[in-house]
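The structure appears right after this line, and notes come after that.
The values are calculated or read from the model by the stated rules, or taken from the named source; none is laboratory data. Remember, predicted model here, so these are calculated numbers, not experimental data. Positions of Cβ are backbone-derived with ideal geometry, glycine not excepted, and every protein chain shown enters the neighbour counts.
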Amino acid sequence: MTGKFIVFDGLDGTGKSTFIKMLAEHLQDKGCKVSITAEPTKNKWGLLIREILSGVQKASQQEMAALFLADRIAHNEEIDELLQQGYIVLCDRYYYSSFAYQSDDETLSWIMDMNLNCPGIRVPDLCLLFDSEPELCLKRIKAGRSGQQLEIFENLKSLNAIREKFSKIEEMLNKSGRGENIVRIDSSPPLDEVFEVILNTVNSFLN
Ligand code: TYD
């Protein structure tokens, strides 16, 4: 039996990681084999990416897009193996993030092209795209990082820009006819309510 590949993507501060854990527990209780994974990975490219994200090393956005691509190609080998063993693979971020975070008007089609036309990169069976008002995302990010001062306006500005790109990408891909199955999840309501929506979406997809 082959498994299913479900991606959780979207803005920072929308609760993706929390919901992944909740869904994994729910599916395991139902007797499914579940594996949680994430990008950037913990492999060589992922570690280099983490160093750049934390400012230890420098790289341009185009270099970052290429590094995420290399990380994703290596990651797909692991994902393929798990799927062949019948796992439901829940992945925290995937190529949707590269389109939203690494692109600008000039580079979006190049970044989409190299990811979507790469033979080593699979199309997810389902992508839950988490969305919320950037003000609320910031509040949640701040609550998760006590004591750390955030550049509120800078972050709000970039969250707004990234949100807009996610929305554009969702529309483009769902219309593309390449088998994308992106469902937007509004993560503004209380946790239990959002999880209910996630369960309904995933259960109707799996059944
Ligand atoms: P995040 O998903 O918030 O994980 P953690 O809580 O472990 O830090 O952070 C990953 C960061 O990587 C996030 O800021 C988005 C970024 N990213 C990209 O810029 N491009 C990509 O292709 C991916 C997968 C992630």
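Output the residue which, of all residues in the range 37-55 that are more than 12 Å from the ligand (Cβ to nearest atom) and in contact with a helix residue (DSSP H, G or I) (Cβ under 9 Å, 6 or more places away or on another chain), is nearest to residue 76 (Cα to Cα).
43
What do you reckon, is residue 69 in contact (Cβ under 8 Å) with a residue 12 or more places away in the chain, touching a strand residue (DSSP E or B) at 6+ places or on another chain (Cβ under 7 Å) and under 19 Å from residue 121 (Cβ atoms)?
no
Taking the conditions exactly as written (more than 19 Å from residue 198 (Cα to Cα), hydrophobic (A, V, I, L, M, F, W, C) and either surrounded by fewer than 18 Cβ atoms within 10 Å (Cβ to Cβ) or more than 15 Å from the chain's Cα centre (by Cα) (or both)), does residue 118 satisfy them or not?
yes
Considering the range 13-42 alone, what residues qualify as being assigned to a loop (DSSP other than H, G, I, E, B) and either surrounded by 15 or more Cβ atoms within 10 Å (Cβ to Cβ) or at pLDDT below 95 (or both)?
13, 14, 15, 32, 39, 40, 41
When residue 62 is evaluated against the numbered criteria (1) assigned to a helix (DSSP H, G or I); (2) out of contact with any Phe, Trp or Tyr (no Cβ under 9 Å at 6 or more places or on another chain); (3) among the polar types (S, T, N, Q), which criterion, by number, is the only one it fails?
(2)
Here are some conditions: (1) in contact with an Asp or Glu (Cβ under 7 Å, 6 or more places away or on another chain); (2) loosely packed, with under 12 Cβ neighbours inside 10 Å. Residue 200 meets all but one. Which one does it not meet?
In the conditions (1) in contact with an Asp or Glu (Cβ under 7 Å, 6 or more places away or on another chain); (2) loosely packed, with under 12 Cβ neighbours inside 10 Å, residue 200 misses (1) alone.
Among what's in the range 90-108 and is near the ligand (Cβ under 6 Å from one of its atoms) and hydroxyl-bearing (Ser, Thr, Tyr), pick the residue that is nearest to residue 199 (Cα to Cα).
Applying the filter and picking the extreme gives 97.
What single numbered condition from (1) in contact with a Phe, Trp or Tyr (Cβ under 7 Å, 6 or more places away or on another chain); (2) under 30 Å from residue 140 (Cα atoms); (3) within 15 Å of the ligand (Cβ to nearest atom) fails to hold for residue 74?
Among (1) in contact with a Phe, Trp or Tyr (Cβ under 7 Å, 6 or more places away or on another chain); (2) under 30 Å from residue 140 (Cα atoms); (3) within 15 Å of the ligand (Cβ to nearest atom), the lone unmet condition for residue 74 is (2).
Identify, from the list 136, 159, 173, the residue that is in contact with a Ser or Thr (Cβ under 8 Å, 6 or more places away or on another chain) and not in a strand (DSSP E or B).
One residue alone meets the criteria, 136.
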